[in-house]
Amino acid sequence: MIRSLPTSRGYDWAFQAFIILYFMFLFAPLVVTCVLAFNDSNFPSLPWNGFSLDWFLSAGPARVGIFHDSQTLRALWTSFKTAFFVSIFSVAVGTCASLLFEEEQFRFKELLYFLMLAPLVIPGVILGISLLLTANTAGVFLEESMEWDFALFRPSFWLVVMGQFSFITTFVTLVVSARLRKFDRSLEEAALNLGANRFQVIRHITLRYLRPSIIGAAAVAFLMSFENFNTTIFLVGAEPTLPVTLYLQVRDGSTPMINAVSLLLIVGTSCLALANLYFGRKGE
């Protein structure tokens with residue numbers, strides 16, 4: 001375990017084999033999925049029948065590619081909208097929560113911090129069911145007592161946003177708090193001594209220092225929202241997200257278009273991760 005000590009040839013072979021097998025286990029399914037997106041077959045599986053772009057570009061009627069499938073494109077747009085609003089709300093609230101827990105002292109701070117972490121240990125299925133029952137109960141109460149009908153309390157786009165926001169905010173808080181713990185408080189004190197008010201200190205010093213972590217947290221929130229299924233499936237209404245749509249298609253019998261969608265998602269998330277890495281290093 002100490003790399004400076006000499007090792008045997010058997011250890012070196014085992015170490016290299018472990019690295020190869022580990023990354024094969026991680027990436028082999030993704031490679032197979034991407035390759036089958038170009039398979040000239042009506043089924044998303046082997047054998048290989050030749051190269052084809054039908055599952056991307058075909059307009060039908062025998063085969064419908066992803067760029068001509070209106071249902072999948074609507075679901076993709078819904079997932080983008082959901083992830084956008086969830087990331088905006090989560091970053092705003094999560095950044096404020098990190099400032100609260102890291103810079104302020106108040107009663108029951110440890111208890112509230114523990115409650116903030118609770119969504120991390122609650123299964124997504126339980127969280128989705130609980131949110132749905134809570135929303136339905138509140139909607140029925142308001143409708144029966146005050147005759148108010150709020151669409152937010154029914155399975156809908158905004159209920160999905162609020163449901164994902166309820167637990168993704170916790171991840172944003174942890175990401176921003178991790179960088180805030182390394183912050184030099186003397187910079188804030190120096191700015192206050194030079195005449196800046198509290199708002200100016202937070203805006204020009206604290207938030208500028210936190211910018212790489214905020215960008216990274218926003219990327220994490222966006223990806224978590226985009227791919228979420230366990231919670232979303234209980235809250236979705238007439239506008240299903242892409243993971244829910246893919247689940248329904250696979251359940252009823254899928255085609256290699258599923259592989260084409262997966263390939264586009266892999267490329268998109270990889271580009272987002274690389275951009276996040278680039279801007280994160282640039283901001284340090």
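The values are calculated or read from the model by the stated rules, or taken from the named source; none is laboratory data. If you're wondering where the values come from, they're calculated on a predicted model, not measured in any experiment. So basically every Cβ, Gly included, is an ideal-geometry build from the backbone, and we count neighbours across all protein chains shown. Note: areas computed on protein heavy atoms with side chains; ligands, DNA, RNA excluded. Shrake-Rupley method; radii C 1.70, N 1.55, O 1.52, S 1.80 Å.
Conditions: (1) within 27 Å of residue 205 (Cα to Cα); (2) modelled with pLDDT under 90; (3) not aliphatic (A, V, I, L, M). Residue 90 meets all but one. Number of the miss?
Condition (2) is where residue 90 drops out.
Look through the stretch 177-197, keep the residues that are in a helix (DSSP H, G or I) and hydrophobic (A, V, I, L, M, F, W, C), and return whichever of them is nearest to residue 102 (Cα to Cα).
Once the filter is applied, the top-ranked residue is 180.
Tally the residues that are outside any helix (DSSP H, G or I) and small (Gly, Ala, Ser), restricting the search to the stretch 137-176.
1
Does residue 118 satisfy being part of a helix (DSSP H, G or I), modelled with pLDDT under 90, within 12 Å of residue 168 (Cα to Cα) and among the aliphatic types (A, V, I, L, M)?
In short, yes.
Give 43, 51 a once-over and let me know the one that is open to solvent by 70 Å² or more (accessible area, probe 1.4 Å), touching a residue at least 24 places away in the same chain (Cβ under 8 Å) and more than 24 Å from the chain's Cα centre (by Cα).
Sole residue among the options that is open to solvent by 70 Å² or more (accessible area, probe 1.4 Å), touching a residue at least 24 places away in the same chain (Cβ under 8 Å) and more than 24 Å from the chain's Cα centre (by Cα): 43.
Going through the stretch 101-112 one residue at a time, which ones are surrounded by 10 or more Cβ atoms within 10 Å (Cβ to Cβ) and either over 17 Å from residue 173 (Cβ atoms) or at pLDDT below 90 (or both)?
Correct list: 102, 103, 109.
Residue by residue, here is whether (1) over 30 Å from residue 185 (Cα atoms); (2) of a type outside the set (Val, Ile, Thr) holds:
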| residue | (1), (2) |
| --- | --- |
| 225 | yes, yes |
| 231 | yes, no |
| 236 | yes, no |
| 244 | yes, no |
| 254 | yes, yes |
| 261 | yes, no |
| 265 | yes, yes |
| 269 | yes, no |
| 277 | no, yes |
